[in-house]
Amino acid sequence: MGLVLMPAPYPYGVTIRVLRTGASPGRDPRGQPMPGPDESFDVPGCVVTPRESAPQVGGDQQQGRDTVVVGITVYAPPGTDIRTTDRIRVTASRYQGVTFEVTGEPGDWGRHVMTGTRGPVQFAADRVKG
């Protein structure tokens, strides 16, 4: 029998804060776009895992280690609205208070073919630098 995952939200998961800015209401007197309204929200019951990358053979990063943590992977409850322009802040776990940018297109696992339960929304995020 294959692995059967419990549907999200995960009861022992963490809450993430999705940091989202709405559409710009226009331009200021200098012609610069004005920031849109804050549309941030919390998503409880997420799983946050480190995302690793194997270093290039013979590269600088291979000296003394086999893998390099390049960001996180988040498994959010079904139907979670995550956009490539979002940033997130993890409110618990070892990444508490760290801000990450969503990288790549979020993936929806859809429905399990045997049980019909909805799977999580999975996305990658990298630490905001600077």
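The values are calculated or read from the model by the stated rules, or taken from the named source; none is laboratory data. Since the structure is predicted, the reported quantities are computational estimates derived from the model, not experimental observations. Cβ sites come from the backbone with ideal geometry, for glycine too, and all protein chains shown count toward neighbours. Side chains are part of the model used for accessible areas, which takes the heavy atoms of the whole protein and leaves out ligands, DNA and RNA. Shrake-Rupley method; radii C 1.70, N 1.55, O 1.52, S 1.80 Å.
Residues with amide H under 5 Å of Arg20's amide H, sequence separation 5 or more or different chain, H placed in the peptide plane at 1.01 Å from N; which?
Glu39, Ser40, Phe41
Rounded to the nearest 0.05, what FRET efficiency do Thr85 and Arg118 have when you use their Cβ-Cβ distance and R0 = 22 Å?
E between Thr85 and Arg118, to the nearest 0.05, is 0.35.
Keeping all protein chains in place and using 1.4 angstrom, which order do Arg87, Arg51 fall into by accessible surface area, from largest down?
The ranking, largest first, comes out as Arg87, Arg51.
Taking amide H positions as placed in the peptide plane 1.01 Å from N, state which residues far from Asp86 in sequence (5 or more) or on other chains have amide H under 5 Å from it.
Here Val102 satisfy the definition.
Quick one: go through region 70-90 and flag any residue whose amide nitrogen is under 11 Å from the point 7 Å out along the Cα-to-Cβ line of Trp109.
Hits in region 70-90 for Trp109 at 11 Å: 75-78.
By the scheme Lys and Arg +1, Asp and Glu -1, what is the net charge of all other residues having a beta-carbon under 15 Å from that of Val18?
That works out to -1.
Give me a comma-separated list of calculated 3J(HN,Hα) values for region 82-91, in order, Karplus coefficients 6.51, -1.76, 1.60 applied at θ = phi - 60°, integers in Hz, x for any Gly or Pro.
Each residue's phi maps through the Karplus curve to give 10, 10, 5, 8, 7, 10, 10, 10, 7, 9 Hz.
Could you compute the net charge surrounding Thr103? Neighbours are other residues with a C-beta less than 11 Å from the C-beta of Thr103; K and R count +1, D and E count -1.
Neighbourhood net charge equals -1.
Which whole-Hz ³J(HN,Hα) couplings does region 33-43 yield from phi under the Karplus relation 6.51 cos²θ - 1.76 cosθ + 1.60, θ = phi - 60°, glycine and proline marked x?
For region 33-43, the Karplus curve yields x, 7, x, x, x, 6, 10, 5, 7, 9, 10 Hz.
Pull out a ≥ b ≥ c, the square roots of the eigenvalues of the alpha-carbon gyration tensor of region 90-130, then state rounded if a/c is under 1.5, prolate if not and a/b is larger than b/c, and oblate in the remaining case.
It comes out oblate by the Cα gyration axes.
On the full set of protein chains, 1.4 Å probe, figure out the accessible area of Glu39 and give it in Å² to the nearest 10.
Only protein atoms counted, so the area is about 80 Å².
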